[in-house]
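Enquirer: Sharing a structure, written as structure tokens. Questions coming.
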Amino acid sequence: MRFSNLLFNSLKESPKEAKIVSHQLMLRSSMIQQHTSGIYTWLPLGFKVLKNIEEIVRSNQDQIGCNEMLMSTIQSSDLWTKSGRYADYGKEMLRIKDRHDNELLYGPTNEEVITDLFSNYVNSYKGLPKYVYHIQWKFRDEIRPRFGVMRGREFLMKDAYSFDLDHDKAVKTYQTFFMCYLKTFKELGLQPIPVKAATGAIGGDLSHEFQILAKTGESELAYDPELVSQDLLEKSFDEITSMYSASDEMIDKSKSNVVIGRGIEVGHIFNFGTKYSEPLECYVLNNEGKKVTPYMGSYGIGVSRLTAAIIEAFHDDKGIKWPFNISPFKINIISSNDKFIDIAGELYDTLSKKYINISFDDRDLSLGRKIKDSELIGIPWSLIIGKNFDEKNEFEVINRSSGEKFFVNKQELENFQFEQYTP
Ligand code: ATP
Ligand code: MG
């Protein structure tokens, strides 16, 4: 992408309404724009980031045999009346009436719809287990939308649902999703703390939240320090969940040897048995031909919230520092003045054949301004054609995270390893 074609306009100052660094940086770098309270437009740069995160989440779901599909955002109220949640969900649910006076709603979550759908496609124990997911926009009329996309009203969620024959099998499935979440977050460059959670409106007996440590996090956490110092993927579910962690009112104040911090909830998983399959009359036939109610779980990841959570984890006073695989562009070519525009253009064409998502800042602006924008946006590598090229035929390569600079000639540039790092 050439910057001359990019819908982008950097802001030097933070807009007053933005209270936390991720919100400030997302506005300053034209990633998002607020449309109305808690509802955002994803501008080209932000949308690229969102899709990159989505792709990592997607590939990890696919790896555990979870089926991707897409349910509608607008739901009929009928199933919610049956499950008993239509009244319970309260003011967070956006309720809509169509022209025939039918009661509809903008889905805040999909347990009812998927349970009903499942009954139509699986009717024998032989069809179990089944896992399905979608990555879909949700609406919750949050009382206090804030911190940008961190707590929006419209937000993108990956929600998966599982169906098993009995409780023990459902617990195994829950453990599979739990480990899959740790792997997903690791690929996003994050190490979340799994916290045993209250089950809230979704219900059930086993539930964990995945919390990213951040000063600006909305939840208070208390946890065993080993949960952040060790690679949890080398441990078993039982080992991990035997370590202490709790959030907010669940914190045991008498506990010693724990660390207190704040966290951003980026995922939440639930094992809730037959809470929805029972009232929605969902069943399969077991090996004796008897009707049995499947045991279910649901598994959410806040995809749009993750864009902000990752910025909270990776930034400095100059701007964002994206992990390589999440960054909207991987290498940004910058020419210091018009003299080098053709050489820069050629370089852009050659590198674009080798790497995907290269950008070229071809705007008629000062070198300083272009470097500042590259740092603000958080592109992992900058490649500058300037003074050194004039004097010594050398290109300057800068690592956004470490600030390290390399001076290379054309030949060396061809072999340069643009390392795919996590800051
Ligand atoms: P929270 O406690 O933050 O209000 P929740 O417990 O209501 O979230 P879940 O129903 O568990 O949310 O939804 C799954 C995931 O969706 C959450 O872990 C979070 O990452 C994300 N999420 C929930 N609400 C919002 C929101 N208003 N804006 C952005 N992401 C959200
Ligand atoms: Mg939650």
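Enquirer: Taking the options 173, 81, name whichever one is assigned to a helix (DSSP H, G or I), surrounded by fewer than 17 Cβ atoms within 10 Å (Cβ to Cβ), among the β-branched types (Val, Ile, Thr) and at pLDDT 95 or above.
Expert: Working: 173 fails: surrounded by fewer than 17 Cβ atoms within 10 Å (Cβ to Cβ).
Exactly one residue qualifies, and that residue is 81.
Enquirer: Hey, does region 197-212 have a residue that's part of a helix (DSSP H, G or I), in the same structural domain as residue 80 (by TED's automatic domain parsing), at pLDDT below 95 and among the hydrophobic types (A, V, I, L, M, F, W, C)?
Expert: yes
Enquirer: Determine which member of the set 228, 292, 258, 284 is closer than 28 Å to residue 327 by Cβ and more than 16 Å from ligand 1 (Cβ to nearest atom).
Expert: 228
Enquirer: Of the conditions (1) away from ligand 2 (no atom under 16 Å from the Cβ); (2) of a type outside the set (Phe, Trp, Tyr); (3) assigned to a strand (DSSP E or B); (4) outside the structural domain of residue 377 (by TED's automatic domain parsing), residue 334 clears all except one; give me its number.
Expert: Every listed condition holds for residue 334 apart from (4).
Enquirer: Would you point out the residue of region 245-260, among those that are within 18 Å of residue 191 (Cα to Cα) and either without any contact (Cβ under 8 Å) to a residue 40 or more places away in the chain or of a type outside the set (A, V, I, L, M, F, W, C) (or both), that is nearest to ligand 2 (Cβ to nearest atom)?
Expert: Once the filter is applied, the top-ranked residue is 247.
Enquirer: I'm trying to understand the selection: among the residues of region 154-170, which are under 21 Å from the mean Cα position of the chain (by Cα) and either surrounded by fewer than 18 Cβ atoms within 10 Å (Cβ to Cβ) or within 16 Å of ligand 2 (Cβ to nearest atom) (or both)? Quick ask: steps written out before the conclusion?
Expert: Step one: of region 154-170, the residues under 21 Å from the mean Cα position of the chain (by Cα) are 154-162.
Those that are under 21 Å from the mean Cα position of the chain (by Cα) and either surrounded by fewer than 18 Cβ atoms within 10 Å (Cβ to Cβ) or within 16 Å of ligand 2 (Cβ to nearest atom) (or both): 155, 156, 157, 158, 159, 160, 161.
Enquirer: Out of 239, 218, I need the residue that is over 12 Å from residue 270 (Cα atoms) and modelled with pLDDT under 95. Which one?
Expert: After ruling out the rest, the residue left standing is 218.
Enquirer: Can you name the condition, by its number, that residue 305 falls short on among (1) within 16 Å of ligand 2 (Cβ to nearest atom); (2) surrounded by 17 or more Cβ atoms within 10 Å (Cβ to Cβ); (3) over 23 Å from the mean Cα position of the chain (by Cα); (4) not small (Gly, Ala, Ser)?
Expert: (3)
Enquirer: Okay, moving on. Of all residues in region 314-327, how many are under 19 Å from residue 369 (Cβ atoms), assigned to a loop (DSSP other than H, G, I, E, B) and touching a helix residue (DSSP H, G or I) at 6+ places or on another chain (Cβ under 6 Å)?
Expert: Residues in region 314-327 being under 19 Å from residue 369 (Cβ atoms), assigned to a loop (DSSP other than H, G, I, E, B) and touching a helix residue (DSSP H, G or I) at 6+ places or on another chain (Cβ under 6 Å): 1 in total.
Enquirer: I would also like to ask the following. Within region 398-420, which residues are part of a helix (DSSP H, G or I) and either surrounded by 15 or more Cβ atoms within 10 Å (Cβ to Cβ) or small (Gly, Ala, Ser) (or both)? So that I can check it myself, show each step before the final result.
Expert: Step one: list which residues in region 398-420 are part of a helix (DSSP H, G or I), which gives 410-415.
Scanning region 398-420 gives a single hit, 413.
Enquirer: Restricting the search to region 137-150, which residues are surrounded by 18 or more Cβ atoms within 10 Å (Cβ to Cβ) and not in a loop (DSSP other than H, G, I, E, B)?
Expert: Residues satisfying the conditions are 138, 139, 148, 149, 150.
Enquirer: Answer yes or no: is there a residue in region 383-397 that is more than 18 Å from residue 352 (Cβ to Cβ), crowded, with 17+ Cβ neighbours inside 10 Å, among the hydrophobic types (A, V, I, L, M, F, W, C) and touching a Lys or Arg at 6+ places or on another chain (Cβ under 7 Å).
Expert: No, region 383-397 contains no residue that is more than 18 Å from residue 352 (Cβ to Cβ), crowded, with 17+ Cβ neighbours inside 10 Å, among the hydrophobic types (A, V, I, L, M, F, W, C) and touching a Lys or Arg at 6+ places or on another chain (Cβ under 7 Å).
Enquirer: Is there a residue being more than 30 Å from residue 55 (Cβ to Cβ), modelled with pLDDT of 95 or more and in contact with a helix residue (DSSP H, G or I) (Cβ under 6 Å, 6 or more places away or on another chain) anywhere in region 360-367?
Expert: no
Enquirer: Going through region 261-302 one residue at a time, which ones are away from ligand 2 (no atom under 15 Å from the Cβ), among the acidic types (Asp, Glu) and either over 12 Å from residue 125 (Cα atoms) or not assigned by TED's automatic domain parsing to the domain that holds residue 171 (or both)?
Expert: Scanning region 261-302 gives 278, 281.
The values are calculated or read from the model by the stated rules, or taken from the named source; none is laboratory data. In this text the structure is predicted, and so the values were computed from the model without any measurement. Counting neighbours? That spans all protein chains shown, and the Cβs are built from the backbone with ideal geometry, glycine included.
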